[in-house]
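These notes concern the structure reproduced below.
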């Protein structure tokens, strides 16, 4: 397990819950708040967290645009 992830059990809970969803269903959207690497946590037999599409909410000049993209993805997932 990547260093530091054990201190964030909600991340592991979210990944575990996403494994119970239908393939292709949007449930887990990784969001980076600063420049960092997403950990290579296995989601299923093919995907790892670091290979998933993610949203960056940095630098500050991209916050509005990227937050809107995140909210649209959430709205589509709820509506779909």
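The values are calculated or read from the model by the stated rules, or taken from the named source; none is laboratory data. Everything numeric here is computed off the predicted structure, so don't read it as measured data. When we count neighbours, we look across all protein chains shown, and the Cβ atoms used for this are built from the backbone with ideal geometry, even at glycine.
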Taking region 43-65, which residues are over 13 Å from residue 11 (Cβ atoms) and in contact with a helix residue (DSSP H, G or I) (Cβ under 8 Å, 6 or more places away or on another chain)?
55, 56, 57
Of the residues in region 11-37, those that are touching a helix residue (DSSP H, G or I) at 6+ places or on another chain (Cβ under 9 Å), in a helix (DSSP H, G or I) and modelled with pLDDT of 85 or more come to 12, 15
Residue, farthest from the chain's Cα centre (by Cα), within region 35-52, restricted to residues that are under 20 Å from residue 73 (Cα atoms) and in contact (Cβ under 8 Å) with a residue 12 or more places away in the chain:
43
Looking at region 48-80 only, could you name the residues that are surrounded by fewer than 12 Cβ atoms within 10 Å (Cβ to Cβ) and not in a helix (DSSP H, G or I)?
53, 59, 80
